[in-house]
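Written below as structure tokens is the structure these notes are about.
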Amino acid sequence: MTHETFGGAYVPEMLWKTLQDLIAAFENAKKDKVFQAEFADLLKNFSGRPTPLIFAERATKRLGGAKVYLKNEGANHTGAHKITHCLGQGLLAKRLGKKMIIAETGAGQHGVATATVAAKLGLECIVFMGSEDIRRQRPNVFLMERLGAKVVPVEYGSKTLKDAVNEALKFWMENLDKAHYCIGSVLGPKPYPEMNRYFQSIIGREIRSELQEREAKLPNAVIACVGGGSNAIGSFHDFIKDDVRLIGVEAGGVGKKVGQHASRKIAGRVGIFQGYKSLFLQTDDGQISPTHSISAGLDYPGLGPELADLYQEARLELTYALDKEAVAAVDFFAKSEGVISALESAHALAEVRKVAPKMPKDSIIVATISGRGDKDLFNFARAFKDKSFRDFLKDEYERY
């Protein structure tokens, strides 16, 4: 592949001033002690950081290789890493005088986090979500609505995350004076990829500090699932200049044909979509191709531009896990460690199961659990063919 510089801001002229205002506010906030203090206070006393680094002792013994640690971002308030960049963007929105936060969501965790931050900061909230994702993640829709957010179903296209992004962008351009668009990953036009990475990089800094305290050394590998890539770049960024393997695990779905997966490793091509240049899954005529993943948060067709740069420079290893491998990884770590991960994070755990046995016993892997598994309860029940849970749902329906 010819070297490309990914990112940029490929947007209509009417968005330009709004983005420039956001860039200025972000750059100012990075240097502002008041902003930094308020952000740090919310992370500690509202979200609950630092999140724990768990030594997976029994899983390590069962796998028979590297020591495995789990960075449990699911311990954050709302159950995922998403709350971190939502708090940062919420504070920026208030600085900019916005009265409303809008967001898109796939797995629902970003939507819940955005709605939570909006409630905490006293802002109106609208969340756009594909109707297929609403069906898969109904509990999170319920939570968003309880938090005061309006959830808008998107009924066209594949009815998933990319369509929710399109609808959110459309609404934003019609309401620039009052709405801040809280993009849910390290995607979109400048400054969103850098801004969300800046907020999420606390994950890698905490991994470094916690592992230094426990092992007095760096990890040999850091592994994270990759959809757009916010938890991944957050985990990786602090280790880019170190001799540490960085492994991103995409959605391998059920096969390598178009529409069976969401892996840019398998079929990513350079393109421009939704305001930025990166690697995208595309049809032969350059249209965005359909995707599939058992996890709603990994079926986005594009890769965060900073991750695309790292991959192109061979600093980041991209691989993928199949749906069935992710489900098996959930089962393995639940029974070995008492940790039930989200299906997104389970892709990273599936890779741990593959690479840990091949590494020396004195080496260390840190895998980031980007979210906890309760949001996937219904998906798990189907995947594990739990008849008693189906009967429970029938009883609840009849009671309702």
Qualifying positions in the range 53-79 - part of a loop (DSSP other than H, G, I, E, B) and within 13 Å of residue 372 (Cβ to Cβ): 76, 77, 78, 79
Can you name the number of the only condition in (1) in contact with a helix residue (DSSP H, G or I) (Cβ under 6 Å, 6 or more places away or on another chain); (2) under 24 Å from residue 355 (Cβ atoms); (3) crowded, with 23+ Cβ neighbours inside 10 Å that residue 310 fails? (1)
Filter pass, residue 161 being aliphatic (A, V, I, L, M) and either over 28 Å from residue 383 (Cβ atoms) or in contact with a Lys or Arg (Cβ under 9 Å, 6 or more places away or on another chain) (or both): no
Suppose we filter 258, 249, 254, 154 for residues that are among the aliphatic types (A, V, I, L, M) and under 19 Å from residue 370 (Cβ atoms); which single one remains? 249
Scanning the range 151-187 residue by residue, those within 20 Å of residue 123 (Cα to Cα), touching a residue at least 60 places away in the same chain (Cβ under 8 Å) and assigned to a loop (DSSP other than H, G, I, E, B) turn out to be 175, 176, 178, 182, 183, 184
Report, by residue number, each residue of the range 356-383 that is more than 16 Å from residue 298 (Cβ to Cβ) and among the β-branched types (Val, Ile, Thr). 364, 365, 366
Taking the stated definitions as given, is residue 336 touching a strand residue (DSSP E or B) at 6+ places or on another chain (Cβ under 9 Å), hydroxyl-bearing (Ser, Thr, Tyr), in the same structural domain as residue 272 (by TED's automatic domain parsing) and more than 30 Å from residue 242 (Cα to Cα)? no
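Looking only at residues in the range 23-39 that are among the hydrophobic types (A, V, I, L, M, F, W, C) and in contact with a Lys or Arg (Cβ under 9 Å, 6 or more places away or on another chain), which one is surrounded by the fewest Cβ atoms within 10 Å (Cβ to Cβ)?
23
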From the residues in the range 221-270 that are touching a His at 6+ places or on another chain (Cβ under 7 Å) and surrounded by fewer than 24 Cβ atoms within 10 Å (Cβ to Cβ), which one is farthest from residue 324 (Cα to Cα)? 259
The one condition in (1) within 19 Å of the chain's Cα centre (by Cα); (2) charged (D, E, K, R); (3) farther than 30 Å from residue 204 by Cα that residue 399 fails to fulfil: (1)
Tell me yes or no: at least one residue of the range 109-127 is surrounded by 24 or more Cβ atoms within 10 Å (Cβ to Cβ), of a type in the set (Gly, Ala, Ser) and in contact with a Pro (Cβ under 8 Å, 6 or more places away or on another chain). no
Any idea which residue in the range 1-47 is nearest to residue 270 (Cα to Cα), counting only those that are touching a Ser or Thr at 6+ places or on another chain (Cβ under 8 Å) and small (Gly, Ala, Ser)? 7
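The values are calculated or read from the model by the stated rules, or taken from the named source; none is laboratory data. Keep in mind the model is a prediction, meaning the values are calculated, not measured. Cβ sites come from the backbone with ideal geometry, for glycine too, and all protein chains shown count toward neighbours.
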